[in-house]
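K.L.:
Provided herewith is a single structure, encoded as structure tokens, for subsequent inquiry.
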Amino acid sequence: MASPAIRPVAIKLDDDTKARVKRLAEARQRTSHWVMREAIAQYVVREEQREAFRLQTQEAWLHYCESGKHLSGDEADAWLAALEEGKDIDPPACHS
């Protein structure tokens, strides 16, 4: 399997950010290039997870709007408290 193509990309950084990246790279015994690639990779993963969560939330909201099914805050708190106590119980059933 061929490795994915790696292409150079130019980014513009202000002098302060560039110096901070350089200091961090030196402290980590890495190159500035490595620090920037790592930062971008972590950012992309975090934002993909955030987007997935946003979509799940939107789907849950639409499901609630269509069905009206829900749990009260007290019901959810009681279930979470039981889990915290080590009880392995299913969540309470949703109701209208």
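The values are calculated or read from the model by the stated rules, or taken from the named source; none is laboratory data. From a predicted model like this one, the values you see are computed outputs, not experimental measurements. So basically every Cβ, Gly included, is an ideal-geometry build from the backbone, and we count neighbours across all protein chains shown.
K.L.:
Search the stretch 72-96 for residues being part of a loop (DSSP other than H, G, I, E, B) and touching a residue at least 24 places away in the same chain (Cβ under 8 Å), and hand back the single one that is surrounded by the most Cβ atoms within 10 Å (Cβ to Cβ).
P.N.:
Among residues in the stretch 72-96 that are part of a loop (DSSP other than H, G, I, E, B) and touching a residue at least 24 places away in the same chain (Cβ under 8 Å), the one surrounded by the most Cβ atoms within 10 Å (Cβ to Cβ) is 94.
K.L.:
Within the stretch 56-71, work out how many residues are of a type in the set (A, V, I, L, M) and assigned to a loop (DSSP other than H, G, I, E, B).
P.N.:
Qualifying residue count, the stretch 56-71: 1.
K.L.:
Is there a residue in the stretch 19-40 that is aliphatic (A, V, I, L, M), out of contact with any Pro (no Cβ under 9 Å at 6 or more places or on another chain), at pLDDT 95 or above and exposed (fewer than 10 other Cβ atoms within 10 Å of the Cβ)?
P.N.:
Checked the stretch 19-40: at least one residue is aliphatic (A, V, I, L, M), out of contact with any Pro (no Cβ under 9 Å at 6 or more places or on another chain), at pLDDT 95 or above and exposed (fewer than 10 other Cβ atoms within 10 Å of the Cβ).
K.L.:
For the list (1) under 25 Å from the mean Cα position of the chain (by Cα); (2) assigned to a helix (DSSP H, G or I); (3) more than 30 Å from residue 93 (Cβ to Cβ); (4) of a type outside the set (Gly, Ala, Ser), I need the number of the one condition that residue 53 fails.
P.N.:
Here residue 53 clears every test but (3).
K.L.:
Checking the condition in contact with a Leu (Cβ under 7 Å, 6 or more places away or on another chain) and either farther than 30 Å from residue 93 by Cα or in a helix (DSSP H, G or I) (or both), which residue from 44, 35 passes?
P.N.:
Among 44, 35, only 35 is in contact with a Leu (Cβ under 7 Å, 6 or more places away or on another chain) and either farther than 30 Å from residue 93 by Cα or in a helix (DSSP H, G or I) (or both).
K.L.:
Which of the residues belonging to the stretch 37-96 are of a type outside the set (Val, Ile, Thr) and within 30 Å of residue 25 (Cα to Cα)?
P.N.:
Hits for the stretch 37-96 are 37, 38, 39, 41, 42, 43, 46, 47, 48, 49, 50, 51.
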